Amino acid sequence: MSEKQIRVAVVGAGRWAERAHIPGWQRDGRAEVAALVDLDGTLARKVADDFGIAQVFTDYREVLDDPTIDVVDVASGNEAHFEVSMASLEAGKHVLCEKPVHHDARETSRAAALAESKGLRTKLGFTFRYAPAIQYAKDLIDQGFVGTPYVFNGYEQNSQWIDPQTPLRQFEHTPAGSDEIAVSSIEGYGAPIIDIMHWWTNSPITNVVGTMRNFVPDRMLRSTGTMERMNIDDGDMWICEFEDDVMASIQSSYVTVGNYPGIEARLYGSEGAVIVRLVEEFGICQTIKTATKDSVEFVEREIPQEYFPEGGNSREPWPFLFYSNLIKNFVDEILGDAPATQGDFAQGALVQRTINAFEHSYRQRRWVNFSEVEGV
Ligand SMILES: NC(=O)c1ccc[n+]([C@@H]2O[C@H](COP(=O)([O-])OP(=O)(O)OC[C@H]3O[C@@H](n4cnc5c(N)ncnc54)[C@H](O)[C@@H]3O)[C@@H](O)[C@H]2O)c1
């Protein structure tokens, strides 16, 4: 009999499961990764052995029948997110899922509603909201440090695919060779900074406008290893208006020079401003700087230890550090130790609806009112 309070099945044994999900769960003394599932049984066995995970499956449905599994963690490729999440919720499991749950916000809302109707907890893989610097900034904002928010600037960018030879997964809803620019960086990369925008500005979004570009046309297609015309958005810019008097810009790209993860979030208000950078530079993965209207030079702040997972520091690899905090928060929520649910499927639906509104704006070359886009 396990003494752990929460037993988890991780679905997907790829790179991200190895770097973030499994180490994150294993860092939390209250949780145990009891099973690992991957379509590729050999990979699942290898990763399970590396991490000391007892059970291995190639079909996720096997863990749904196990009443001792409390949580299903969907760390698979995007194509399985929705199916596995819905089936797991139906089976009464709490679900952590990588983004997006579904490309269509309406489907993500359906998953959120199912979870709510069954009293289950959900969480999206919005890694960066759980960075200690971002959580600390949110508390400063809530305590009134910036005053009335005026302007949010959000960037999610690095140079991961600036080299056309770096293999890229084709987004499943747009075949290689299509003439239409397919949503790629704004969904795969932009989602976490859109999440932070909504969280920090804390006001209903009303209108959006913006554009996307394809800077590197021919790329190495990951599934075939051949160079193909891949007409995807590898850079884009958006403007958002809200019910309150705040406004925001979002820039996302994976062909802009800079290191991982490449997040920068800024909030300027009537009293002060906060700038958080999550860019790994010289061994440090996060910084927070603040200024006030009376002291306008930005000063770096030390992040209090309470914002870190136990023993954590800013020199840890960012996937491990941020994901440990995400999982700590999810375990708190499941065990009833955290007052609110943050970054859940309902928030995922809001982020997805924002992306859907952006896409609408680009395709129709106009401002889009948020009410035109269904989903939450
Ligand atoms: N939040 C973040 O910062 C972040 C960072 C990197 C990746 N991701 C996301 O994490 C997910 C995994 O990324 P990755 O780089 O590890 O991909 P990957 O291709 O290395 O691994 C995905 C694994 O899922 C398995 N899989 C697919 N369908 C399955 C199914 N139905 N049942 C069981 N296994 C299945 C595949 O066999 C593969 O081994 C993606 O959705 C990706 O977008 C998020």
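Derivation of every value follows stated rules applied to the coordinates shown; laboratory data play no part. All figures in this text were calculated on a predicted structure; none of them were measured in a lab. A quick note on method: Cβ atoms are made from the backbone with ideal geometry, for glycine too, and the neighbour counts reach across all protein chains shown.
Please work out the C-alpha center-to-center distance from region 210-268 to region 303-376 and express it in whole Å. Going from one Cα centre to the other spans 18 Å. Per residue of the chain, the DSSP helices (runs of n ≥ 4 H) give a summed -39500 (n - 2.57) that works out to -8500 deg cm²/dmol at 222 nm.
Measuring between alpha carbons in the structure, the pairs from LYS93/LYS118; LYS46/LYS93; LYS118/LYS138 lying more than 21 angstrom apart are LYS46/LYS93; LYS118/LYS138.
Between ARG19 and LYS118, full extension at 0.36 nm per residue minus the direct alpha carbon distance yields a gain of 32.5 nm. Taking 0.36 nm per residue of sequence separation and removing the Cα-Cα distance, the GLU79/ARG229 pair yields an extension gain of 51.9 nm.
In percent, rounded to a whole number, the relative contact order of region 129-370 is 27, using alpha-carbon pairs under 8 Å and six or more apart.
In this label model, ASN202 and THR68 are separated by 4.4 nm, measuring between points 7 Å along each Cα→Cβ vector.
Considering only alpha-carbon pairs that sit under 8 angstrom and 6 or more positions apart, the relative contact order computed for region 273-327 is 28 percent. Two tests apply to each whole DSSP H helix in the chain, Cα reach of 27 Å or more along its axis and mean Kyte-Doolittle hydropathy of at least -1.0, and the ones passing both are 345-364.
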